[in-house]
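Heads up, the thing below is written out as structure tokens.
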Amino acid sequence: MQVYLDNNATTMVDPLVVEAMQPFFSEIYGNPNSLHKFGTASHPALRKAMDQVYKALNASDNDDIVFTSCATESNNWVLKSVFTDHIVNGEKNHIITTEVEHPSVLAACRALENEGVKVTYLPVNNQGVVEPQVVKSFITDKTALVSVMWASNETGMINPIKEIGEICKEKGVLFHSDGVQAVGKIPVDLQEVHVDFVSMSAHKFHGPKGVGALYIKNSQPLSPLLHGGEHMGGRRSGTLNVPYIVAMGKAIELATTNIEEKMASIRAKRDRLEDALLELSDTFVVGDRDNRTPNTILISIKGVEGEGMLWDLNNSLIGASTGSACASEDLEANTVMLAIGADNELAHTGIRLSLSRFTTDEEIDYTIDQFKKAVFRLRSISSSFAKVGPTPGGESKAC
Ligand SMILES: Cc1ncc(COP(=O)(O)O)c(CN[C@@H](CS)C(=O)O)c1O
């Protein structure tokens, strides 16, 4: 048996999505910007995909949704164009974000710091979420943008986006949320929550890699990141990737139809897995599961290096991660665990398990069995665990 539990890194493309893409490779393949029939033949499908995304997000007709190549592009677009539109002219000079954002936000912010922008990286609490009043306390009349991820790719913890949005609206500050780990996984209603910009990525909800989108509230101005053509109303140049846009529409429709039912089913499997793993001594899971995306567990196993655990699980054909795939090469401590106050040793023991709607009960049973065997094996050769020994009574909990 092989079990894929790294769905926060990327997901399998739903076979129904693959089917929806097919006609647009060799049958309806014209350039949508061409005026002839080969080009206009793709327009109905493009309109349908756009409608599917609007419906899934409950976006208003006054809002814009622009397809991009990925969420990394969407995140960079917001940050760099807010800089262009509101900071270069001297109107503002400050951006607020958090310490635990995805690298595509953090690296873009660091690039803007090199341009002289003042960036505040807010801390998170011991649950790994940022507190609205902390956001409010750092907003000044020079703040151009607040950027806070909707849900963490590492922990699944969900930030108080509605409350932060109300603060930003009251203060007249633009608000961006990296919605990659929320869209398609939990309800996102953009008429319920005030956010100016939301980034998303199809390969997180069973669409293909290489297509994402940016939601822009009230179609407000935002300078293009890419120039050179009137595509997407001049918002984002580049020939439309028709099969992938069609795929994103189908994928978001599948992911958000009966989403509560889908969430309940995934959550039940996740909770069963989490409860079983917490039976191991000296383990803890980051964040209260009631405020977490239904598919994610970030578990720390005292005395077991994350990378070692990954390889052991890999030998059992179980795919997991120690944190975001973008950081998988470095053997650094998990930054989110450091941010919530774990010490350096503990922060090296994090394992991220992320399920999907395709995860089966049999796969959960297999994972529980193999995970416990791996922990026993690795602890038996672990110098640190042997030295310390298990905590009497083996304190294990979600926190
Ligand atoms: C919150 C968040 N924001 C942006 C991205 C990037 O999405 P792209 O469409 O691939 O560019 C990701 C992708 N996180 C993967 C790969 S690093 C993970 O293992 O956590 C994300 O989780």
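The values are calculated or read from the model by the stated rules, or taken from the named source; none is laboratory data. Everything quoted here is computed from the prediction, not taken from an experiment. Positions of Cβ are backbone-derived with ideal geometry, glycine not excepted, and every protein chain shown enters the neighbour counts.
Of the residues LEU280, LEU222, only one is surrounded by fewer than 20 Cβ atoms within 10 Å (Cβ to Cβ) and on the phi < 0 side of the Ramachandran plot; which?
LEU280
Taken over the range 198-222, the criterion of being of a type in the set (Lys, Arg) and near the ligand (Cβ under 9 Å from one of its atoms) is satisfied by LYS204, LYS209.
Put simply, of VAL198, VAL146, VAL193, VAL180 the only residue that is buried (at least 23 other Cβ atoms within 10 Å of the Cβ) and either of a type in the set (Asp, Glu) or assigned to a loop (DSSP other than H, G, I, E, B) (or both) is VAL180. Among the residues of the range 142-162, the ones that are touching a Lys or Arg at 6+ places or on another chain (Cβ under 9 Å) and within 11 Å of the ligand (Cβ to nearest atom) come to 6 in all. The residues of the range 319-364 that are surrounded by 16 or more Cβ atoms within 10 Å (Cβ to Cβ), at pLDDT 95 or above and away from the ligand (no atom under 16 Å from the Cβ), listed by number, are ARG357, THR359, GLU363, ILE364. Take the conditions more than 14 Å from the ligand (Cβ to nearest atom) and among the hydrophobic types (A, V, I, L, M, F, W, C) and apply them to VAL195. Does it pass? So VAL195 passes the test. State yes or no: is GLY207 in contact with a helix residue (DSSP H, G or I) (Cβ under 7 Å, 6 or more places away or on another chain) and not hydrophobic (A, V, I, L, M, F, W, C)? In short, yes. In the set ILE301, ILE266, ILE245, only one residue is more than 16 Å from the ligand (Cβ to nearest atom) and at pLDDT 95 or above; that residue is ILE266. For LYS209, which of the numbered conditions (1) at pLDDT 95 or above; (2) in contact with an Asp or Glu (Cβ under 8 Å, 6 or more places away or on another chain); (3) in a loop (DSSP other than H, G, I, E, B) fails to hold? Failing condition for LYS209: (2). Restricting the range 8-31 to residues that are within 16 Å of the ligand (Cβ to nearest atom) and aliphatic (A, V, I, L, M), the residue that is nearest to LEU240 (Cα to Cα) is VAL17.
Looking only at residues that are of a type in the set (D, E, K, R) and surrounded by fewer than 22 Cβ atoms within 10 Å (Cβ to Cβ) in the range 201-219, which one is nearest to PHE67 (Cα to Cα)? Here the residue is LYS209. Candidates in the range 238-282 are the residues that are touching a residue at least 12 places away in the same chain (Cβ under 8 Å) and hydroxyl-bearing (Ser, Thr, Tyr); of these, the one that is farthest from PHE358 (Cα to Cα) is THR239.
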